[in-house]
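Below is one structure, written out as structure tokens; the observations come after it.
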Amino acid sequence: MISSIFISAFLALALGWVWYSPKMFGKVWLEAIGRSPGEVEESLARYIVTFVGWLVAAFVYGFLISNPFLKGIKDYILLSIAIWGAFMMPAKAHAIMWGNFNTKLLWIDGGYMLAGYLIFAFVFALRLHAGIF
């Protein structure tokens, strides 16, 4: 299970590099946060915090899928969507609406989080049902 947690967290972090790249949502995201490319400082600390956040999320996800009612990838995908809809989106929407941020952030960041949780579904399905990881 430990390897699935680390692989899930790493893949979710790697997805962020692609997701926020200029070829995907990076330009719109920068516009939404009111910054230009040179104004966003990339630092190792930010990546470490993001990775640790994904590690915690993957650990909890691993705990949740141990529920005997969850039988396979379909259930894991539904769990990913439920976690996203119940916990991530309300918190993100609250921060954006009350923090006066651009609502595009809700969909850019929210989409990234959903994609990350879906990565968890596939990694844990591979572990539990195909014996990989």
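The values are calculated or read from the model by the stated rules, or taken from the named source; none is laboratory data. Since the model is a prediction, treat every value here as computed from it, not as a measurement. Here the Cβ positions follow ideal geometry from the backbone for every residue, glycine too, while neighbour counts run over all protein chains shown. With ligands, DNA and RNA removed, areas are computed over all heavy atoms of the protein, side chains included. Shrake-Rupley method; radii C 1.70, N 1.55, O 1.52, S 1.80 Å.
What to note about this one:
- Tallying residues that are at pLDDT 90 or above, open to solvent by less than 90 Å² (accessible area, probe 1.4 Å) and either among the charged types (D, E, K, R) or more than 15 Å from the chain's Cα centre (by Cα) (or both) within segment 73-98 yields 2.
- Residues that are within 30 Å of SER3 (Cα to Cα) and open to solvent by less than 70 Å² (accessible area, probe 1.4 Å) within segment 34-46 comprise SER43, ALA45, listed in sequence order.
- Subset of segment 1-33 (residues that are at pLDDT below 95, surrounded by 15 or more Cβ atoms within 10 Å (Cβ to Cβ) and of a type in the set (S, T, N, Q)): SER4
- Close pairs (9 angstrom Cβ cut-off, 6 or more residues apart or separate chains): within 30 Å of LEU126 (Cα to Cα) in segment 76-105, among the hydroxyl-bearing types (Ser, Thr, Tyr) and open to solvent by 80 Å² or more (accessible area, probe 1.4 Å) anywhere: none
- Within segment 5-43, tally of residues that are aliphatic (A, V, I, L, M) and in contact (Cβ under 8 Å) with a residue 40 or more places away in the chain: 10
- Whichever residue in segment 104-133 is under 18 Å from the mean Cα position of the chain (by Cα) and β-branched (Val, Ile, Thr) and, among such residues, is surrounded by the most Cβ atoms within 10 Å (Cβ to Cβ): VAL123
- Boolean, ALA121 is hydrophobic (A, V, I, L, M, F, W, C), modelled with pLDDT of 90 or more and in contact with a Phe, Trp or Tyr (Cβ under 6 Å, 6 or more places away or on another chain): yes
- In segment 1-39, the qualifying residues are those that are touching a helix residue (DSSP H, G or I) at 6+ places or on another chain (Cβ under 7 Å) and outside any helix (DSSP H, G or I), and the one that is farthest from SER80 (Cα to Cα) is SER36.
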